[in-house]
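Take a look at the structure set out below.
Here, each number is a calculation from the coordinates, and none is a lab measurement. Computed from a predicted model, the values in this text were never measured in an experiment. Using ideal geometry, Cβ is built from the backbone for each residue, glycine included, and neighbour counts are taken over all protein chains shown.
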Amino acid sequence: MSLIEKVKKLLKSGLQERPDLFLLDVKVSENNNINVIIDGDQGVTIDDIVHLSRHIEHNLDREAEDFALTVSSVDITKPFHLKRQFQKNISRPVKVKTTTGEVEGVLVHVDDNQIVLENKVREPKKIGKGKVTVVKQNTIPFDDIKEAKVVLKF
């Protein structure tokens with residue numbers, strides 16, 4: 001069994017113990033540098049990273065193969081890879097690149113087929129002068145999403 005297969009098997013068993021965590025990426029370089037990126041439904045703590053790191057490291061034999069292991073949480077500025085990431089980011093501002101353009105708004109709903117973003121827009125009043133704030137919703141099917149990520153505002 002190759003090193004990547006062993007690591008994937010260990011990740012599977014380690015993540016079964018923690019169903020709130022999920023795997024985003026695992027790579028093993030030619031030099032046996034193992035890089036694991038995880039995320040969680042309620043985020044990822046340092047204890048989560050230590051738990052998974054120890055689970056992998058204690059079950060690999062350093063005598064059989066030398067390796068370096070890095071387990072980390074997802075970078076918040078990176079695009080989403082899984083539908084599960086949309087679910088955990090409900091109520092956050094999100095920027096979505098679609099097949100027809102870009103949409104930005106607060107993620108308010110996620111289901112198996114689509115997401116719903118909500119944003120406030122100033123529109124002219126129907127009667128009289130001035131503008132009124134209107135809440136608009138954009139429903140975007142997953143098939144139309146090219147990239148989505150959290151918008152950081154300071």
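Observations
- Within the stretch 3-73, antiparallel bridges make up roughly 50 percent of the DSSP beta bridges whose residues both belong there.
- Within the listed set L11, L21, L69, the Gaussian network model of the chain (springs between alpha-carbon atoms below 10 Å) gives the highest mean-square fluctuation for L69.
- Taking all pairs of distinct alpha-carbon atoms in the chain, Kirkwood radius in angstrom: 18.1
- Percent of Cα pairs exceeding the 21 Å cut-off, where the set is the stretch 3-73: 17
- Structural size metrics of the stretch 63-154, computed from C-alpha coordinates, are Rg and Dmax of 18.5, 80 Å.
- Charge context of Q42, other residues only, Cβ under 9 angstrom, K/R +1, D/E -1: -1
- From helices alone, the chain scores -6500 deg cm²/dmol at 222 nm; the rule is -39500 (n - 2.57) for each run of n ≥ 4 DSSP H residues, then divide by the residue total.
- Remark on H109: its backbone amide H falls under 5 Å from those of V116, a criterion applied only to residues 5 or more positions apart or on other chains, H modelled at 1.01 Å from N.
- Lysine-lysine proximity count for the stretch 65-154, Cα under 13 Å, sequence distance 8 or more or distinct chains: 12
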